[in-house]
Amino acid sequence: MKKVALLFKNKENQGVITYLRDTLYHIFEGYIEVKDYFISELRTDEQIEADAYLMVYEDMIYQLKNHISNFYKLILLGRSIRKEFLHAMLEIPKDTEVLIVNDTYETAIQTTYTFYELGISHLNLIPYDKELAAGGAYDHIEYAITPNEEDLVPETIGKIVNIGYREISFDTLLKLMRKLDLDNDVVNRNLIRHLHTIIEPNPDYHDNYYNSYLKGKLLNRVVDNSLAAIIMLNDNLEVVYFNDKADSIFETNMNAPFTYIDESLIRGEDLKNYPLVLEDENYIFEKTTIKLMDEAIGYLLNLQSEKILHDIEINLKNYNAKKGLVAKHTFQDIIYRSDSMAECIAVAKQVAKTDYTILIRGATGTGKELMAQSIHNYSNRSRAPFVAVNCAAIPETLLESELFGYEGGAFTGAQKNGKLGFFEKAHTGTLFLDEIGDLSVNLQTRLLRAIQEKQIMRIGSDKVIDVDIRIIAATNSQLEEAVAKGKFRADLFYRLNVVPVFLKPISQRKDDILPLLKFFLGRDYSKVAEDEKRLLEEYQWPGNIRQLQSAGLYYKTLGKFPEYLYEKNSRMPADSLESTASAKERKNADERIPMDIKTVSQRVLREIYEATQAYHGIGRSAMLGNLTMQGIKISDGKLRTILAELEAQGLVSIKCGRCGTQITEKGIQFIRQL
């Protein structure tokens with residue numbers, strides 16, 4: 001417990017003495033012991049022993065020379081007043097003469113100075129003198145302000161403002177706390193509470209204390225809550241700071257020599273990710289030399305446990321799962337029976353164990369993302385993020401910032417703190433670029449550099465960022481034709497096409513149709529008749545697996561397959577199709593069904609209805625293929641017009657990319673009324 005000596009001239013005002021003592025006990029609670037000393041009662045050679053001395057009057061210092069051995073511990077006790085009395089003082093009219101009454105003329109002058117320091121300067125303050133009062137010098141004065149000395153106020157004064165005993169100033173208490181080395185949470189809390197109740201002459205100073213305290217607490221909280229052990233050493237390798245984690249490992253003390261790590265390692269070059277073994281525990285060690293100009297003045301040590309880093313990795317994987325940055329599917333989720341699909345999976349498994357770029361090629365609905373996720377989960381990066389990007393679903397103006405990220409304020413509408421791009425989110429994992437053929441030439445150039453150099457640069461930044469990712473791309477386009485037409489960079493194509501994986505349409509692997517249907521239907525598969533199975537195997541499935549899944553949902557709901565499967569022109573075997581385009585045109589012309597625009601619109605709406613699922617609908621190419629199979633030949637432009645009209649009527653919702661066009665509730669009601 002710290003000892004505080006409270007020094008007075010005499011015992012005359014016991015009320016003030018008691019109030020000051022109680023205030024000190026209230027602020028410092030059980031950390032101090034206060035003892036009163038009176039100059040008038042001290043023996044000539046009497047020494048006062050204490051950790052800090054508080055003297056009430058400045059001129060007492062001369063009388064204390066023979067009683068205090070260390071004047072560094074001496075503090076002049078400053079005074080203030082409580083905020084609650086300020087309003088009454090400010091209500092006194094400007095330039096009014098006000099008598100300041102205290103127990104002595106000296107304390108009256110001291111109180112007057114205090115008021116002026118606090119900014120109360122609109123009044124003419126007059127210190128009270130007993131002799132002048134006896135001669136009637138104050139008879140004309142109407143107001144008096146007194147710190148609990150109302151009995152001393154002349155009877156001629158009619159208006160008295162009693163401000164209570166003056167408080168100990170904030171500066172005095174702050175100096176005392178530091179000299180006693182009691183900078184702890186309890187004392188700081190009480191000091192802040194006290195500060196809120198009193199008026200102080202320098203609010204900026206107190207705000208700086210308050211803000212510094214908050215910053216210090218924040219820094220301590222961050223450092224102490226760190227999972228890493230953090231130690232600060234001076235140039236003599238003595239401990240000047242350590243957090244809770246370091247204390248649990250080393251059980252060190254402040255100012256103690258730090259001998260747990262070899263001195264040559266600490267004084268040597270700065271280290272990062274250095275493997276270190278201490279007491280049979282593995283750590284990742286970092287050391288930073290703290291310099292003033294070119295002079296080393298200390299060392300910052302940081303040690304992270306290998307076990308904790310492993311736990312962080314697990315937590316990061318769980319976080320990625322919540323954010324959707326994971327691959328859900330594996331090769332076991334791929335349902336197949338055909339030899340071509342077995343061969344495709346064998347190639348994919350073989351290449352999955354490498355870091356080569358993979359290009360998955362196949363028509364829409366063949367399961368390209370399912371294959372990409374399976375490759376990722378079979379690879380050595382399976383624990384890292386899997387980030388899927390549909391290059392066709394994001395507008396070109398946004399895709400660059402989504403891929404590469406941007407700095408804060410890089411463009412109008414940018415987030416204040418910037419944003420990580422998909423490349424950085426996929427760091428150490430896999431970036432899946434679907435519909436890669438739809439990239440603009442400008443983005444193709446940036447993507448090529450990112451793949452070649454394994455580096456990116458955020459928009460609005462001049463800093464190069466290293467990324468460790470594996471690229472898997474997918475397309476249903478003929479990239480060779482796009483390269484020939486100058487729509488796709490040849491060098492990017494060759495970078496992507498390192499290991500191609502081809503997914504054939506299910507019309508070319510009919511052995512997979514029924515196993516897939518069995519998976520989609522579950523128990524209801526047993527209800528499917530043999531002739532219906534034959535129809536399913538003969539149908540061409542322009543929408544591939546996605547269309548087959550839609551047909552299965554249709555069957556589970558209505559107990560039958562969509563009408564187009566029962567139409568003769570939709571189940572022609574693949575090998576009976578004529579190979580030339582002219583033959584196809586003649587065939588379609590022969591089978592074309594004359595229809596008005598209203599009937600065509602209804603058939604289009606039914607196609608959308610049958611293809612709509614929870615998260616996607618049907619694209620125009622698949623829609624045109626289905627209509628052609630039904631003998632309805634319309635152009636892509638005409639189909640766009642019909643879809644726009646249906647959307648305007650609220651019957652369908654047109655979305656970007658693989659989501660395609662989906663039917664709305666209003667559209668479903670319309671179909672049911674037909």
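If you go through region 394-432 one residue at a time, how many are at pLDDT 85 or above, at negative phi and small (G, A, S)?
4
So is Q452 under 30 Å from P542 (Cα atoms) and surrounded by fewer than 16 Cβ atoms within 10 Å (Cβ to Cβ) or not? Can you show your working first?
On the way: under 30 Å from P542 (Cα atoms): no; surrounded by fewer than 16 Cβ atoms within 10 Å (Cβ to Cβ): yes.
No.
Restricted to region 54-81, and to residues that are of a type in the set (S, T, Y) and either part of a loop (DSSP other than H, G, I, E, B) or touching a His at 6+ places or on another chain (Cβ under 9 Å) (or both), which residue is nearest to Q14 (Cα to Cα)?
Only one residue fits best here, namely Y57.
Right, E435: modelled with pLDDT of 85 or more, farther than 30 Å from P505 by Cα, assigned by TED's automatic domain parsing to the domain that holds R489 and not hydroxyl-bearing (S, T, Y) or not?
No: the conditions fail for E435.
Determine which single condition A410 fails, assuming it passes every other condition in (1) in a loop (DSSP other than H, G, I, E, B); (2) more than 16 Å from M457 (Cβ to Cβ).
All conditions are met except number (2).
Show the residue pairs meeting these rules: Cβ distance below 9 Å; 6+ apart or different chains; first residue within region 1-24 and farther than 23 Å from V187 by Cβ; second residue small (G, A, S).
Taking only residues 6 or more apart or on different chains, the pairs are F8/S40; K9/S40; N10/S40; K11/S40.
Here are some residues: G367, G418. Which one is surrounded by 19 or more Cβ atoms within 10 Å (Cβ to Cβ) and over 19 Å from R495 (Cα atoms)?
Numbers: G418 fails: surrounded by 19 or more Cβ atoms within 10 Å (Cβ to Cβ).
When all the criteria are applied, what remains is G367.
Restricting to region 30-46, name every residue that is in a helix (DSSP H, G or I) and surrounded by fewer than 14 Cβ atoms within 10 Å (Cβ to Cβ). If you could, list the steps in order and put the result at the bottom.
Of region 30-46, the ones in a helix (DSSP H, G or I) are 30-31, 39-41.
Passing the criteria: G30, S40, E41.
Evaluate the following for Y116: is it at pLDDT below 90 and more than 20 Å from N13 (Cα to Cα)?
yes
Please specify each residue of region 650-669 satisfying the condition of being loosely packed, with under 14 Cβ neighbours inside 10 Å and either of a type in the set (G, A, S) or at pLDDT 85 or above (or both).
G650, K666
Within the bounds of region 589-606, is there any residue that is assigned to a helix (DSSP H, G or I), modelled with pLDDT under 75 and in contact with a helix residue (DSSP H, G or I) (Cβ under 8 Å, 6 or more places away or on another chain)?
Within region 589-606, one or more residues are assigned to a helix (DSSP H, G or I), modelled with pLDDT under 75 and in contact with a helix residue (DSSP H, G or I) (Cβ under 8 Å, 6 or more places away or on another chain).
Looking only at helices (runs of 4 or more DSSP H) that fall completely inside region 82-155, which ones have 3 or more residues that are out of contact with any strand residue (DSSP E or B) (no Cβ under 8 Å at 6 or more places or on another chain) and more than 22 Å from V56 (Cα to Cα)?
Ranges flagged: 86-90, 130-134.
Does at least one position in region 145-157 carry a residue that is closer than 29 Å to R21 by Cα, touching a helix residue (DSSP H, G or I) at 6+ places or on another chain (Cβ under 9 Å) and surrounded by fewer than 19 Cβ atoms within 10 Å (Cβ to Cβ)?
Yes; the residues of region 145-157 include at least one that is closer than 29 Å to R21 by Cα, touching a helix residue (DSSP H, G or I) at 6+ places or on another chain (Cβ under 9 Å) and surrounded by fewer than 19 Cβ atoms within 10 Å (Cβ to Cβ).
If a residue must be among the small types (G, A, S) and either surrounded by fewer than 19 Cβ atoms within 10 Å (Cβ to Cβ) or part of a loop (DSSP other than H, G, I, E, B) (or both), how many such residues does region 1-29 contain?
1
I need the strands (runs of 3 or more DSSP E) fully contained in region 158-270, keeping only those with at least 1 residues that are of a type in the set (D, E, K, R) and at pLDDT 85 or above. Before you say what the answer is, go through the steps one by one.
Numbers: elements: 159-162, 229-234, 239-242.
In region 158-270, 159-162 are the strands (runs of 3 or more DSSP E) which contain 1 or more residues that are of a type in the set (D, E, K, R) and at pLDDT 85 or above.
For region 340-382, enumerate the residues that are assigned to a helix (DSSP H, G or I) and without any contact (Cβ under 8 Å) to a residue 40 or more places away in the chain.
Hits for region 340-382 are A342, E343, I345, A346, K349, Q350, A352.
Cβ-Cβ distance below 7 Å, separation of 6 or more or different chains: which pairs start in region 279-295 with a residue that is in the same structural domain as G268 (by TED's automatic domain parsing) and end on one that is of a type in the set (D, E) and not in a strand (DSSP E or B)?
N282/E306; Y283/E306; I284/E306; K287/D270; T288/D270; T289/D270
For A482, are the conditions met, namely being in the same structural domain as V387 (by TED's automatic domain parsing), surrounded by 16 or more Cβ atoms within 10 Å (Cβ to Cβ) and in a helix (DSSP H, G or I)?
Against the criterion (in the same structural domain as V387 (by TED's automatic domain parsing), surrounded by 16 or more Cβ atoms within 10 Å (Cβ to Cβ) and in a helix (DSSP H, G or I)), A482 qualifies.
Consider D103 against the criteria (1) exposed (fewer than 14 other Cβ atoms within 10 Å of the Cβ); (2) in the same structural domain as P127 (by TED's automatic domain parsing): it satisfies all of them except one. Which criterion is unmet?
(1)
Before we move on, is L548 touching a strand residue (DSSP E or B) at 6+ places or on another chain (Cβ under 6 Å), crowded, with 16+ Cβ neighbours inside 10 Å and under 23 Å from Q373 (Cα atoms)?
No: the conditions fail for L548.
Quick one: G460 ticks every box in (1) closer than 29 Å to Q478 by Cβ; (2) surrounded by fewer than 16 Cβ atoms within 10 Å (Cβ to Cβ); (3) at pLDDT 85 or above except a single one, so which number is it?
(1)
Just to be sure I understand, how many residues within region 512-531 are of a type in the set (D, E) and crowded, with 16+ Cβ neighbours inside 10 Å?
1
Can you tell which of E29, E91 is acidic (D, E) and farther than 26 Å from N190 by Cβ?
Among E29, E91, only E91 is acidic (D, E) and farther than 26 Å from N190 by Cβ.
Which residue is surrounded by the fewest Cβ atoms within 10 Å (Cβ to Cβ), if the candidates are limited to region 47-83 and must be at pLDDT 90 or above and acidic (D, E)?
So, considering only residues that are at pLDDT 90 or above and acidic (D, E), the one surrounded by the fewest Cβ atoms within 10 Å (Cβ to Cβ) is E49.
The values are calculated or read from the model by the stated rules, or taken from the named source; none is laboratory data. Only a predicted model underlies this, so the values are computations on that prediction, with no experimental measurement involved. Note: ideal-geometry Cβ built from the backbone for every residue, glycine included; neighbour counts use all protein chains shown.
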